[in-house]
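Encoded as structure tokens, the structure appears first; notes follow it.
FYI, it's all coordinate maths here, none of it is from the lab. Here the structure is a predicted model, which is why all the values come from computation and not from measurement. FYI the Cβ positions are ideal-geometry reconstructions off the backbone, even for glycines, and counts take in every protein chain you see.
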Amino acid sequence: MNIPKFSVHHSVTATMVILLIVVLGFVSYTRLGLDLMPDITYPIISVAVGYPGVTPEDIENVLTKPLEEVISTVKNVKKVNSVSLEGFSVISVEFEWGTNIDMAAQDIRDSIDFMKSYALPADISKPIVYKFDISMIPLLEWGVIGGEDRSLKSLLRVSKDVLKNKLEQVDGVASVLVYGGEEEEVLIEIDRQKLDSLGISMDDIIMRLASENINVPGGYVEDGHREYILRTLAEFRDIEEIKNIPITVKSKVPIYVKDVADVQKTAKEARSFVRTNTKNSVLLIVSKESGANTVLVSNKIKKEMKNIKKLLPEDIKVMEIFDQATFINRMISATTSNAVVGGILAVIVLYFFLWNWRPTLAIALNIPLSILGTFIFLYFAGQTLNFITMAGLALGVGMLVDNSIVVIENIYRHFKEGKDRINASIDGASEVGMAITASTLTTVVVFLPLFFAKGITGKIFEGLGITVSVSLIASLLVSLTIIPVMVSKILTRSGRTLDHGKSSKWEARVINPIKNVYTGILRKALHNKKKTLMIVFGSVVVCALVAVFFTGKEFFPEMDNNMSMGSIKLPVGTSVEETNRITNLVENILMNQEGIEVVGGIVGVGEGQEIDASMGTGATGVHEAQLFIKLVDKKYRKKSSVQIFKEIKRKTPEFDGVKIEFRSMGSAMMLGGQNQKPVDIKIFGKDLNMLTEIANQISVKLEGVKGITNISNSAETGKPELKISIDREKAIRSGLTVGLVAQTIKTAFQGKVATKYRSGGDEFDVKVRFRKEDRNSIEDIGKIGVMAQGFSPMARGSVPLKELARIEYGAGYVNIKRENQKRVVSVTADIVGRDLAGVIGDAKKVIGKIVLPEGYFVQYSGEAQQMFETFRDLGLILLLALVLIYMVMAAEFESLVHPFVIMFTVPFAFVGVILALFFTGKPISLPAGMGGLILSGTIVNNGIVLVDYINQLIRRGKEKIEAIIEAGNTRLRPVLMTALTTILGMIPMAISRSEGAEMRSVVSVSIMGGLFIGTVLTLIVLPVIYIIIDDWSQKFGAKLRFLVRREK
């Protein structure tokens, strides 16, 4: 079926198709969701288990190791990482891509439930198993600030009862986490001396409280014709009732709780502080449901927040710290404006070459029609408008007109030869139909390998491939159907025509001189084939050397947006009060810095933050603080986030042992929240002391590497410990066990929740522990009385701990990390002023000089590992893409030789990519690799059009040299038009400074440089290669036919 012929003869049908695309495209656009990135569920599952008060070393032995062993048996497990913190164990399980994560999570739950009854301590918290996906990145963060007279207890109550409850009812909200404020509890503070004198243990009090605070159903009773339910009501009604609970009877006199303890309702002991703009506050962090529309949910939440604010007391203010939707809207708006400006520039290029508004308008209509067609596909495919898909559309704007340019230019040529407008439209479109189909397919097939790629590279850029491919296919269909119809209606031989009037004068004055210059250069190249090839291939070698030695390499460009994070780390063992003081000082400096709008901070470790700490996004102890910093919008500030934070560091006084770091959240958000350092050197081995020693040596070596900053060591030691060694023989003589002694110590100092107290619909912990005076010094530890059981009632009595145990000073580890069931210590660092590959290369040189003990080895991880893995994957993807491109061209040309000739355009283009990156100072990175991948499918298009026409002329009887010159002369204008429309269409992206510009500019610069150099070399060098290889293939073919068939 001849598609152009059918379309021209059925113009009404074609018009209806246009209207259908327009209507469905607009409807689809209005229903497409807006997100930052494609909805990716990473093959990662984390398991979190709490065991309060237990040291990291004990957590490793009793929780982490047993859990690792059972989890490692689950199918498709790739890697198991773990971190043992004080009172907490978190295990991260990475599966092979393609694994059903829901099924894997259930397998892990089943395995843990099976072993929990016999291999894990009884008093651990319920294990939490959760998946990792992009929806875990907070959607919104707010700081809630109260008036001077409002207590933190009241502020927390309002935040939970009003804000949290109402926001969680919004459709699409998964959770609202609340940090800060003061939570209340009923604290029973025991007087140790009274307890010992009465011979009562703390367990006696705890058991009595638990057994007294109950409501128990008792069945039912019938009385006549009525039935009554029996209930024993004994729950505590008020604090006085708790005070008057009898514990035991001594000499027929009851001993009450109030006789040995003070009972009061009070705030829980502060282990963290939360502030917003230096004022005590409550922090709200809102997360959306997986798969929910980010912008839509955010708009609903903000609308609900407006209603909630009307209900809040006047003294309570809610300040926005972070809104992911705002970042998305700005990024997509910037990408859209880049696409629009790029499209306008492409149309200007068209008009420059055609100098007639009629064909220019016809070609320009291809852009909106193809984009609207892409919206239809994205909607029915369940995709969203996100940064990746919008970048695909912006990148494709200049390419969308390529097919139309070739079609219209060929129709124009047929029309000049004397054909009427109908036949010129049909013949012109039909003649190049196969060529533009092949050129479109070569661009589309480069994305097919992405669907087979494993890892983050394939998943993130899958949407880019879909968008570019669909838009180009839509452009092809428009070029073969709608364009011939439109041109057949607008062609005329009077007035402003395509071959008379202004357009012909413009061609004679501007286009023809360009053609004459090109023809002269081409003739010289054809007559000096060896010299031409030596110059070109010499340039390829030089550029390869430039790429290896002078062009930097990194995984992903650092992105500047208005949301950043800061971390403050003091020496291990620093009190929460001192950490709070230093953090407050830094917050004040931040608030006085131009360009900063809001500062939120969490000092220490609050309840529920353990998982954040294990993932590297939160504090690991009271010696650390985390800051959330909202900067002024990028377009309204004069300095970048890097410059602002450099200035802040300069203004901040230097404190001994204090480390302050700042980092933009832009790159982390683009990569799905993965928080990895550029430099991450892992040391594996058994002994923690030896690992720490090696890590310290590596840290010292790294200090001498240029570009490395913020060196950190995960093996943080020095946390003060008092180690209590219990004499088992003395304990057994007193009728005690080590476990009972340890629990008594834990209850005395940390406290133990005996039961719950309910009042006014609220529930409060009832905690039992020693009063402050009895746990205020190290000597008080030895005075703890452990109730001896003995072997008879007469042997019962209190034994001081100092008679049962030895108390020694020591230092413990803050955390213990493991990878694939081996202990590991990480040395991490940031980089400044250098590319990642160069820094890693220098780091390897200095670290290689360290002699490691037997059984210990070093591994490079973090962004460096991601970069090398990504480049490896991109290399394989590109290789497969080139094979597919060759196959498409071989099928189109029915030749194995001519596609091989066209493939030479790819190294030509890569010369341009390297030169463009080198001269613009941009390192080779993942976005640059994606630009190169797109380019490999685009650059061959000009070669296809050129070689296809050379073959047509030779089949018509033209001599080879003349056929090449005529084909080059004829195809010069469409080749230049397609190249320049694409190049100029990407200029707005290349020079953009808005949100997301760091990535868009790298991709566009790569394609622009490659397309410019590749097009020039295609027009001049490709004909030389064509004639050499064609002559060689004919000679070789003749010899082969003689050998096989004995034909001369």
Could you line up Arg872, Arg971 from fewest to most neighbouring Cβ atoms inside 10 Å? Arg872, Arg971
Determine the sum of side-chain charges near Ser1004: Lys and Arg each +1, Asp and Glu each -1, restricted to other residues whose C-beta is under 12 angstrom from that of Ser1004. +1
Take Lys265, Lys752, Lys634 and order them by how many other Cβ atoms sit within 10 Å, fewest up front. Lys265, Lys634, Lys752
Once the dipole of the chain is set up from charges on Cβ (+1 Lys and Arg, -1 Asp and Glu), the residue from the list Ser861, Pro4, Gly147 lying farthest towards its positive end is Pro4
Separation of the stretch 279-335 and the stretch 837-862 by C-alpha centroid, Å? 45 Å
Cα gyration tensor shape for the stretch 49-196, rounded if a/c is under 1.5, else prolate or oblate: oblate
Once the Cα atoms of helix 688-702 and of the chain are each reduced to a long axis, what angle between those two axes, in degrees from 0 to 90 to the nearest 10, is obtained? 40 degrees
Which log10 I(q)/I(0) values does the stretch 85-143 give at q = 0.29 Å⁻¹ under the Debye formula, counting every alpha carbon as one identical point scatterer? -1.31
Taking the Cβ of Pro4 as the center, what net charge do the other residues with Cβ under 11 Å away carry, scoring Lys and Arg +1 and Asp and Glu -1? -1
Among the listed pairs Lys79/Lys131; Lys153/Lys677; Lys268/Lys306, those beyond 27 Å (Cα-Cα): Lys153/Lys677; Lys268/Lys306
Here, Ser151 and Thr248, labelled 7 Å along Cα→Cβ, have an inter-label distance in nm of 3.5 nm
I'd like the orientation of helix 366-380 relative to the chain: the angle between its Cα long axis and the longest Cα principal axis, in ° from 0 to 90, rounded to 10. 40 degrees
So between Asp110 and Leu233, what do we pick up on full extension, going 0.36 nm a residue minus the alpha carbon distance? 40.5 nm
Would you mind computing, in nm to one decimal, how far apart the modelled labels at Lys649 and Met434 are, each placed 7 Å from Cα along Cα→Cβ? 6.2 nm
For the stretch 355-499, what does the equivalent ellipsoid look like in terms of its semi-axes, each the square root of 5 times an eigenvalue of the Cα gyration tensor, given largest first in whole Å? 34, 15, 11
What nm distance separates the two modelled labels at Glu289 and Val832, each placed 7 Å from Cα along Cα→Cβ? 4.6 nm
Taking alpha-carbon centroids only, the stretch 153-200 lies from the stretch 393-449 a number of Å equal to 69 Å
Lys638 to Leu296: FRET efficiency via 1/(1 + (r/R0)^6), r the Cβ-Cβ distance, R0 30 Å, to the nearest 0.05? 0.30
Correct option for Cα extents along the principal axes in Å [calculated from the coordinates] among (1) 114, 101, 66; (2) 126, 77, 60; (3) 134, 72, 70: (2)
Neighbourhood charge, 9 Å Cβ-Cβ cut-off, centred on Thr384 and excluding it, Lys, Arg +1 and Asp, Glu -1: -2
Along the charge dipole of the chain, Cβ charges K/R +1 and D/E -1, which of Asn696, Gly538, Ile939 sits furthest on the positive end? Gly538
What is the gain in length, in nm to one decimal, between Ile348 and Asp420 on full extension, counting 0.36 nm per residue of separation less the C-alpha to C-alpha distance? 23.1 nm
Mind checking Rg over Rh on the stretch 213-332, alpha carbons, Kirkwood formula for Rh? 1.24
Using DSSP to call loops (not H, G, I, E or B), can you name the chymotrypsin sites (Phe, Trp or Tyr not before Pro) in the stretch 370-460 whose Cβ has at most 15 other Cβ atoms within 10 angstrom? Phe452
Taking His898, His623, His225 and counting other C-beta atoms within 10 Å, the order from fewest to most: His225, His898, His623
Which aspartates and glutamates, on any chain, are close to Lys419 with Cα under 18 Å apart, when same-chain ones fewer than 8 places away are left out? Glu409, Asp427, Glu431, Asp499
How high is the FRET efficiency between Arg728 and Asp315 when r is their beta carbon distance and R₀ equals 56 Å, given to the nearest 0.05? 0.40
At R0 = 30 Å, how high is the FRET efficiency between Val517 and Leu545 if r is their beta carbon distance? Nearest 0.05 is fine. 0.40
Long pairs among Lys116/Lys756; Lys5/Lys416; Lys569/Lys849; Lys630/Lys682; Lys65/Lys126, criterion Cα-Cα beyond 21 Å: Lys116/Lys756; Lys569/Lys849; Lys630/Lys682
Once you charge only the Cβ atoms, +1 for Lys and Arg and -1 for Asp and Glu, what is the size of the charge dipole of the chain about its Cα centre, to the nearest 20 debye? 4300 debye
For the pairs Lys243/Lys767; Lys78/Lys817; Lys166/Lys634; Lys659/Lys844; Lys250/Lys752, flag any whose C-alpha to C-alpha distance is greater than 21 Å. Lys166/Lys634; Lys659/Lys844; Lys250/Lys752
How much length, in nm to one decimal, is gained on full extension between Ile991 and Leu533, taken as 0.36 nm per residue of separation minus their Cα-Cα distance? 161.5 nm
Cα-based Rg and Dmax for the stretch 562-664, where Dmax is the largest Cα-Cα distance (Å): 13.6, 43
